[in-house]
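These notes are about the structure you will find just below.
The values are calculated or read from the model by the stated rules, or taken from the named source; none is laboratory data. Everything numeric here is computed off the predicted structure, so don't read it as measured data. Note: ideal-geometry Cβ built from the backbone for every residue, glycine included; neighbour counts use all protein chains shown.
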Amino acid sequence: MRPLHSGILWVLIVCVSLLTSCQKSEQQQAQQKPEQPQPATPAKEMAQPTPEQAAAQPEKAAPPATEPAKPSDEQLIPLDIQLPKPMFVGTPSNIAVPNLEKPLGRPRPPFLVPAGTKNIAFKKPVTGSDEQPIIGELLMVTDGDKEAAEGSFVELGPLLQYVTIDLKGRHTIYCIAVWHYHKQPSVYHDVIVQVADDKDCIANVQTVFNNDIDNTSGRGVGRNMSYVETSEGKLIDAKGVQGRYVRLYSRGNTTNDLNHYIEVEVYGKAVQ
Amino acid sequence: MKWERWLFVGALMAGALLRLPQLDLRPMHTDEAVHAIKFGTLLETGTYRYDKHEYHGPTLNYLTLLPAWLASERSLTQVTETTLRIVPVVFGLCLILLFLLVADLGLQSIVCAAVLTACSPALVFYSRYYIQEMLLVCFAFGLIVMGYRLATSGRILWSMLAGVCAGLMCATKETWLISCGMMGMAFLGVLFLRRREGGLKVAVSVRNLSTAILCAIVVSVLFYSSFFTHWQGVLDAVLSYETYFTRAGENTRHGHPWYYFLQILTFTKGDHGPVWTEAMIVLFGFVGIWSAFKEQAGPQEHGRDLRLFLGLYALLMLLVVSVIPYKTPWLVLGALQPLALVAGFGVTAFLTWLPRHLRRAGIIAVTLMAGHLAWQAYRANFSYYDDPVNPYVYSHPTDDVRLVAVAVKEIAQNSPEGATVQVICPGDDYWPLPWYLRTLPNVGWWNGVGEDFVPTGVILVSPEVEPVLLPGLYEKPSPGQRHLYVPLFSRPMFLRPGKEIRGYITLELRDKSQKERTE
């Protein structure tokens, strides 16, 4: 009988010690979790909402616990979230543009450029067809401020207007990013982007983007699609054209007939 | 003369057939949804508070109580699109019926005007739109008609009715001042043009005028004071003009060039779909104005003066709505309605000018053109009702809003303990979802992710908010309280063209909902 008693005692001791160690390891895990990068996985999944991923990811990702922690000595009560009522708004602006690009529905994929490429338009001088803008200054086009807030954009007059950026030297241009105004969804008409060797855009003019499908602006019939302004800006593939001046045209937008620029970035390298 | 009466009845029936069916077909516009929710408060609590910055006057809300009571609807959740949109439909049809009171302008002209009013795509489209515009146009025409009857008879009844119409105009929309101002200018224009003929012969006394003004003030105060329960509303109604005059001159939102209205009335062609044109009304409208200017004195002096007045009024309204930079397409109604009326005179003048042997061909051509208008009105309302190629579709929600609402409601219904829904859109740009989700008890509306953000089971969000939302979902909650969120929709959803909305649901809630559904 003695060996049996001692055997039971040993089994009990092992069980108790195992239970204690399990509780400890759970507590340690809970304490360590904030430092672990695991939440990034679900965050990434949310940023790319495709049904396939939605179906596939939950098994792959180490999901956070779906049950809230239940400390034994605290009573749990339902969380009281104050639900605000809807706020009334005015008539939203209208977007009815032919040849309109469908939004991607996800962040834009990365654009590949040669190593050493940088924003060569940053703080470069800007001239334009409206030298006395309604709001702001032309220099705001290249000041590096990409917010849509007051004081971050320049507003040019109605009809066809342009801004010209002097890159201060010939450059090979790989892409151009344009932010017109994205505080509300709108589409800018007749967006034309040209690269040239002279400030009047006469010599060696190369059009890298043109969505003026009916040639109302007289710069040739465009083949590119119109697009809705977003905080991502419009990325234009310049295909490595070379030139010193970058000129951007527009002819009002779907909200009003004025023209705006928050920022223009030109990515390229100086020609050796 | 019998055929004219039958034709008038036919016009009225055509107007009803184009306006009444399937009032719930088109998704609710933001403006309609806002008015609907505001009406819901009035229906449920009996209170209305005039807002001097937006949303216009109270007549639309108060007049919607009638169909709601008739349909025994007592809360917002019971209210349907039909209950709301039947109100502008009734006033759209009243526009046609009011022609009966000016029949002495010439029955043939009136019948032609009735046909054009009944079949005009814009007048039909916005008769099915839960906004104030059709009410304002109807009250404005009512004022002209009652004013005409008053001028010809001098009876006190007409002065009272004219006053009521003016008061209703004032209580409907702040832009009533434009219509009344143009009426005044047209009246002065008639006085000026008739000065060599001894001026106007009107039977209006001081008593008539003071009665009309008193009635207008009483009716207007009645509505703005929420039936004598909120006197601040009367003061706000006066102060509101500062807001609206400032906005009219602004070009920041809804700023369009001067030819915008002429363009949508004469020729619009999108990247697909048909050509849209109401050129017939514009063309015959100008013929009518021309004929009114050229008309020689005859036995019916009052009718001749009214034709001149209406011609001038139509011209001035078209001019003023074109000059004001702020333009939404429904504002064209203020000019289009008098233009359709004078187009009736234009049609009869045109047929009279035609040589006798061509008159039959002229009648056939005019009939075909009116038929084309009716066909366009049908397509605008039953085929292209939310398609941006339709010139009267303006920042309109797509059918996606209904799909979003169905998906969210399905989750809520299949969740054992219901679901709390958060909607986060900057600038409160989530409309018309509050209308479509009105039956759900636990929906919260935010314009950003604040410090106190606590994620719930279902989140509807604008794409631009996502970068701020992610830390709120996966970093801020304590370990053990984080949930995995998965997409709610299988494709990108748009509240309206260019305005995407994304939906996320906790994996746990989705699984529970699916389980509940399969069981």
- Item | Of all residues making up segment B:137-164, the number that are closer than 22 Å to B:Ala122 by Cβ and either in contact (Cβ under 8 Å) with a residue 60 or more places away in the chain or surrounded by 21 or more Cβ atoms within 10 Å (Cβ to Cβ) (or both) | 8
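Could you list all residues from segment A:116-148 that are small (Gly, Ala, Ser), touching a helix residue (DSSP H, G or I) at 6+ places or on another chain (Cβ under 9 Å) and free of Cβ contacts under 8 Å to residues at least 40 places away in the same chain?
Result: A:Gly128, single match.
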- Considering only residues of segment A:253-262 that are of a type outside the set (S, T, N, Q) and surrounded by fewer than 24 Cβ atoms within 10 Å (Cβ to Cβ), which is farthest from the chain's Cα centre (by Cα)? A:Asp257
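Of the residues B:Ser490, B:Ser478, B:Ser513, which is within 8 Å of another protein chain (Cβ to nearest Cβ) and more than 38 Å from the chain's Cα centre (by Cα)?
The unique qualifying residue is B:Ser478.
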- Query: So which residues in segment A:148-206 are within 14 Å of chain B (Cβ to nearest Cβ) and touching a Pro at 6+ places or on another chain (Cβ under 7 Å)?
  - Reply: A:Glu155, A:Leu156
- Out of B:Val389, B:Val347, B:Val366, which single residue is within 14 Å of chain A (Cβ to nearest Cβ) and touching a residue at least 12 places away in the same chain (Cβ under 8 Å)? B:Val389
- Query: Going by the conditions given, is B:Ser383 under 26 Å from B:Ser127 (Cβ atoms) and surrounded by fewer than 21 Cβ atoms within 10 Å (Cβ to Cβ)?
  - Reply: yes
- A:Leu159 vs. criteria modelled with pLDDT of 85 or more, of a type in the set (A, V, I, L, M, F, W, C) and over 24 Å from A:Gly218 (Cα atoms): no
- Task: Would you please list the contacts, defined by Cβ atoms under 9 Å and residues six or more apart or on different chains, that run from a residue in segment B:283-310 that is within 15 Å of B:Phe187 (Cβ to Cβ) and modelled with pLDDT of 90 or more to a residue that is buried (at least 24 other Cβ atoms within 10 Å of the Cβ) and hydroxyl-bearing (Ser, Thr, Tyr)?
- Result: B:Arg307/B:Ser109
- Query: Which one of these does B:Ile501 not meet: (1) within 9 Å of another protein chain (Cβ to nearest Cβ); (2) in contact with an Asp or Glu (Cβ under 9 Å, 6 or more places away or on another chain)?
  - Reply: (1)
- Task: Go through segment B:206-298 and tell me which helices (runs of 4 or more DSSP H), entirely inside it, have 3 or more residues that are more than 28 Å from B:Val332 (Cβ to Cβ).
- Result: B:206-224, B:232-249
- Filter segment B:428-449 for residues that are farther than 21 Å from B:Pro463 by Cα, within 26 Å of the chain's Cα centre (by Cα) and surrounded by fewer than 24 Cβ atoms within 10 Å (Cβ to Cβ); the one that is farthest from the other protein chains (Cβ to nearest Cβ) is B:Thr439
